[in-house]
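Presented below is the structure to which this report refers.
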Amino acid sequence: MATIADIKEELSKVIYPGFQKSIVDFGFVKDIQVDADDACTILLDITSSAEEVASKLEEDISKVLGEIGVTNVNLKISKPEAPKQQSNSVSGSNIAPQIKNFVMVSSGKGGVGKSTTTVNLAIAAAMQGKKVGILDADIYGPNIPRMMGLNGLEVEVVGNKAKPFNAFGVSVMSMGSLMEEGQSLIWRGAMIMKAIQQLLRDILWEDLDILFIDMPPGTGDAQLTLAQSVPVTCGINVTTPQHVALDDSRRSLDMFQKLHIPIGGIIENMSGFICPECNTESDIFGQGTCEDLADQYNTQVLGLLPIEPAIREGGDGGKPVVYFQPESESAKRYMKATEKLIAFVEENAGKAENASIQPTTAPGQSACSTSGAAASKSEPKQESSSGGCGTGCGCH
């Protein structure tokens, strides 16, 4: 007669579809009961709504338990409600039409945990059954390869396009994987704009439900180029509780509004500190200060993420906390934030468009200033003898 311990040991051999960890490691096995007739009842709580995931788990569980003589299995699987089918119709430019939804992860300033947020939200979305990718468009500080355990790996080229890496169920491409480690990029805006477009067009992206795009800090060429190249379903702002960070966040949120990008929500990082010894949470940098900001821009707070050593260790070691420590408080908050984000994406899927922000200047003409853009709607502005646009903006 198999014991509960025997059954749990066998269930640790059942790999969650699309990943390399078992349903026991992920904490999806919530209860195991064995009655006097050797009937076994197992309760699973999984993160994917896909029917094929549940079917595969039923098949694999029956197989491993059959090997120890447990054939009378009552498997109860709790899973999220299946998403509604949405149209993918858009207007404007779209140079990566095989991707259903683009999520721009942005921040007003650097050092607020934007890349860490991108990684953990993307993996959490994959764990919830979505086909997910990460584009590391942070040209000057591409940290995603290290955080995803991809440092030093060679990019595979198929034809004239690069093939994304796959890690933790997520397709990944980064400028950091296309250049030597430690190499600096001293680029003007035009080169950044071209690089963003190539990372979208010249990568063999699969048919993805969501592509998370980790943007450089600020509100410049990279953000505008992305918004003009693909219809962005929504933008996420990452901040910290300090008011100096919130001031910069307002600029990022204002950018979303000016580019007609729906705001999916705000992530507040460094929101409290969880002591690894006593597991208590202390408010050291402030907490919840972004809630007024969310109200001001008619959006939601996706999550308040604490300072927890596991997050830093996971980022440095290429072992994201949401995957390797799913029972941690931070992982649970990332999962909850992702649920909110997916709901927003599904509500706005098919509505994204960028026709209103397409370039209006003639080829070769600068549109880098308000006066230059206004002139483009009437008569072309005469270029100066130095090759600039003649508006005093300093372009060359």
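The values are calculated or read from the model by the stated rules, or taken from the named source; none is laboratory data. Predicted model only: the values in this text are computed from it and were never measured. A quick note on method: Cβ atoms are made from the backbone with ideal geometry, for glycine too, and the neighbour counts reach across all protein chains shown. Just the protein is used for accessible areas: all its heavy atoms, side chains included, with ligands, DNA and RNA removed. Shrake-Rupley method; radii C 1.70, N 1.55, O 1.52, S 1.80 Å.
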Taking the simple approach of a point 7 Å from Cα along Cα-to-Cβ for both Phe19 and Asn160, what is their distance in nm? 4.0
Which residues among the range 17-36 fall inside the zone where the amide N is under 13 Å from a point 7 Å beyond the Cα of Asn74, along Cα→Cβ? 32-36
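To the nearest 20 debye, what charge dipole does the range 237-297 have about its Cα centre, counting +1 at the Cβ of each Lys and Arg and -1 at the Cβ of each Asp and Glu?
Details: 3 positive and 10 negative charges, 70 e Å.
Roughly 340 debye, rounded to the nearest 20.
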Using a basic spin-label model with each label point 7 Å from the Cα along Cα→Cβ, how many nm lie between Glu59 and Asn151? 3.9
So, with a 1.4 angstrom probe, what is the percent of accessible area on the chain that is carbon and sulfur? 48
Lys8: which aspartates and glutamates have alpha carbons under 18 Å from its alpha carbon, excluding same-chain residues fewer than 8 sequence positions away? Asp25, Asp31, Asp35, Asp38, Asp45, Glu58, Glu59, Asp60, Glu67, Glu327
Mind giving me the nanometre distance, one decimal, between the label points for Glu52 and Lys30, set 7 Å out from Cα along Cα→Cβ? 2.6
List every residue whose amide H lies under 5 Å from the amide H of Gly149, counting only residues 5 or more places away in sequence or on a different chain, with H placed 1.01 Å from N in the peptide plane. Gly318
Compute the accessible area per residue over the chain, keeping the other protein chains in place, probe 1.4 Å, unit Å². 48
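Write down Rg/Rh for the chain, rounded to two decimals, with Rg from the C-alpha atoms and Rh from the Kirkwood relation over Cα pairs. Mind dumping the intermediate values first?
Details: Rg = 23.6 Å, Rh = 22.9 Å.
Ratio of gyration radius to Kirkwood radius: 1.03.
Using helices alone, I'd like the mean residue ellipticity at 222 nm for the chain: each DSSP H run of four-plus residues gives -39500 (n - 2.57), total over residue count, nearest 500. Intermediate results must be reported in sequence, preceding the final value.
Values: 12 runs with 126 residues, N = 396.
One gets -9500 deg cm²/dmol as the mean residue ellipticity at 222 nm.
Given a Förster distance of 30 angstrom, what is the FRET efficiency for Met179 paired with Ile95, based on the Cβ-Cβ distance and rounded to 0.05? Don't skip to the end; give the middle numbers.
Details: r = 22 Å, r/R0 = 0.73.
The formula returns an efficiency of 0.85 here.
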Once the dipole of the chain is set up from charges on Cβ (+1 Lys and Arg, -1 Asp and Glu), the residue from the list Asn237, Ala337, Ala355 lying farthest towards its positive end is Ala355
Taking alpha-carbon centroids only, the range 194-260 lies from the range 27-62 a number of Å equal to 39
On a 20 Å Cα-Cα criterion, which of the cross-link pairs Lys76/Lys340; Lys63/Lys319; Lys109/Lys163; Lys30/Lys76; Lys161/Lys351 come out too long? Lys76/Lys340; Lys63/Lys319; Lys109/Lys163; Lys161/Lys351
Looking only at aspartates and glutamates whose Cα falls under 13 Å of Lys131's and that sit 8 or more positions away or on another chain, we get Glu206, Asp207, Asp209
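Can you order the peptides 129-142, 61-74, 7-20 by their average number of other Cβ atoms within 10 Å per residue, highest first? Before the final figure, lay out each step's value.
On the way: 129-142: 23.3, 61-74: 14.4, 7-20: 17.1.
By packing density, highest mean first, the sequence is 129-142, 7-20, 61-74.
In debye to the nearest 20, how big a dipole does the range 1-148 give about its Cα centre with +1 on each Lys and Arg Cβ and -1 on each Asp and Glu Cβ?
Numbers: 15 positive and 18 negative charges, 218 e Å.
Using only the charged Cβ atoms, the result is roughly 1040 debye.
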Starting from the residue with the highest accessible area, list Tyr334, Tyr297 in decreasing order, probe 1.4 Å. Tyr297, Tyr334
